[in-house]
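The values are calculated or read from the model by the stated rules, or taken from the named source; none is laboratory data. As the structure is a computational prediction, the values presented were derived from the model and not from experiment. Neighbour counts run over all protein chains shown; Cβ positions are idealised from the backbone, glycine included. Note: areas computed on protein heavy atoms with side chains; ligands, DNA, RNA excluded. Shrake-Rupley method; radii C 1.70, N 1.55, O 1.52, S 1.80 Å.
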Amino acid sequence: FSQTNPSHASVLTGMYPATHKVQVHGVDKVSPSVATLAEVLAGNGYTTAGIYSWPSFDPAMSGLERGFTTYRGVYTEAPGQHEQQDFWRKWTARADLTTDAALQWLNGNPPTPLFLWLHYQDPHYPYTTPPPFDTMYDPNCQNCPDGGWDTIDRIQAGERLSETDIGRMVAKYDGAISFTDREIGRLLEGLKQDSLLDNAAVVVTADHGESFGDNGRWFHPLILYNSVLRVPLTIRYPPAVPQGLVID
């Protein structure tokens with residue numbers, strides 16, 4: 001699915017939207033008849049935590065809190081957007097704060113075994129990544145699209161970007177991915193320091209990708225092309241998954 005909540009509900013239940021009933025992002029909640037991964041693991045003795053960085057995962061808008069002992073949102077108000085009429089524009093998130101919250105939870109020495117679901121919002125429009133990631137892939141840009149809401153609005157209103165400007169938008173997106181990648185690395189280093197990494201199954205995936213003018217479509221809502229639906233799935237578990245194994 002190409003929207004955040006329906007896709008995450010599928011990841012955390014193993015079911016299609018027709019079964020788990022999250023079909024409208026930010027509105028539908030997981031059906032009470034469907035068990036979540038957190039519920040299954042909690043029922044088998046796991047300490048569970050869900051740390052997320054977007055308000056759509058709040059209990060009232062998702063129902064994904066079920067089974068989590070700790071369930072915490074770490075998003076913050078976007079500067080200057082308090083009076084914004086669009087609910088989603090009132091908030092912002094940063095991968096470093098998300099990782100900080102996860103490390104804080106781990107530093108509390110929760111009883112093992114553990115299940116931690118960690119959500120990063122950063123590779124998502126608007127692309128307002130902090131330095132030096134904002135210019136990492138386009139350092140000499142002058143008067144180019146900034147990746148903020150103004151640029152997003154102009155594109156959605158039908159403005160056509162040049163191939164050069166599309167490349168600059170992709171550079172903003174790539175910077176957000178690299179920022180998130182660094183923060184995932186910091187999380188893994190924290191697991192290593194706590195002697196948890198070697199016996200941890202680490203799974204990294206995404207709810208959707210982004211389209212940058214591919215097939216005439218932008219961003220991700222209600223798009224069913226590979227630019228949005230084909231997402232990474234990386235699994236690290238040394239006791240059972242051979243390093244370098246690739247499955248097409």
Residue hits (the stretch 75-112; out of contact with any Leu (no Cβ under 7 Å at 6 or more places or on another chain), hydroxyl-bearing (Ser, Thr, Tyr) and either in a helix (DSSP H, G or I) or under 20 Å from Pro130 (Cα atoms) (or both)) are Tyr75, Thr76, Thr92
Within the stretch 203-231, of all residues that are open to solvent by 70 Å² or more (accessible area, probe 1.4 Å) and touching a strand residue (DSSP E or B) at 6+ places or on another chain (Cβ under 6 Å), the one nearest to His25 (Cα to Cα) is Arg217
Of the residues that make up the stretch 171-193, is at least one touching a strand residue (DSSP E or B) at 6+ places or on another chain (Cβ under 8 Å) and over 30 Å from Pro111 (Cβ atoms)?
yes
Exception for Gly185 within (1) at positive phi; (2) under 21 Å from the mean Cα position of the chain (by Cα) falls at (1)
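Just one of Ala35, Ala78 is over 29 Å from Tyr225 (Cβ atoms), hydrophobic (A, V, I, L, M, F, W, C) and at pLDDT below 95; which is it? If you could, list the steps in order and put the result at the bottom.
Working: Ala35 fails: at pLDDT below 95.
After applying the criteria, what remains is Ala78.
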Residues in the stretch 148-195 that are of a type in the set (Asp, Glu) and in a loop (DSSP other than H, G, I, E, B) total 2
With respect to Thr92, is the statement that it is open to solvent by less than 60 Å² (accessible area, probe 1.4 Å), closer than 23 Å to Val202 by Cα and under 13 Å from the mean Cα position of the chain (by Cα) true? no
- Message: I'd like to know if the stretch 57-67 contains one or more residues that are in contact with a His (Cβ under 7 Å, 6 or more places away or on another chain) and either of a type in the set (Gly, Ala, Ser) or outside any loop (DSSP other than H, G, I, E, B) (or both).
- Response: yes
When every residue in the stretch 196-211 that is of a type outside the set (Val, Ile, Thr), outside any loop (DSSP other than H, G, I, E, B) and touching a residue at least 12 places away in the same chain (Cβ under 8 Å) is compared, the one nearest to Tyr173 (Cα to Cα) is Ser211
When you check Tyr173 against the structure, is it farther than 22 Å from Pro6 by Cα and either crowded, with 17+ Cβ neighbours inside 10 Å or among the hydroxyl-bearing types (Ser, Thr, Tyr) (or both), yes or no?
yes
(1) surrounded by 17 or more Cβ atoms within 10 Å (Cβ to Cβ); (2) under 18 Å from the mean Cα position of the chain (by Cα) all hold for Ile155 apart from (2)
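With out of contact with any helix residue (DSSP H, G or I) (no Cβ under 9 Å at 6 or more places or on another chain), of a type in the set (Gly, Ala, Ser) and either in a helix (DSSP H, G or I) or surrounded by 18 or more Cβ atoms within 10 Å (Cβ to Cβ) (or both) as the only criterion, which of Ala9, Ala18, Ala38, Ala49 stands out?
Numbers: Ala9 fails: out of contact with any helix residue (DSSP H, G or I) (no Cβ under 9 Å at 6 or more places or on another chain); Ala38 fails: out of contact with any helix residue (DSSP H, G or I) (no Cβ under 9 Å at 6 or more places or on another chain); Ala49 fails: out of contact with any helix residue (DSSP H, G or I) (no Cβ under 9 Å at 6 or more places or on another chain).
Testing whether each residue is out of contact with any helix residue (DSSP H, G or I) (no Cβ under 9 Å at 6 or more places or on another chain), of a type in the set (Gly, Ala, Ser) and either in a helix (DSSP H, G or I) or surrounded by 18 or more Cβ atoms within 10 Å (Cβ to Cβ) (or both) leaves just Ala18.
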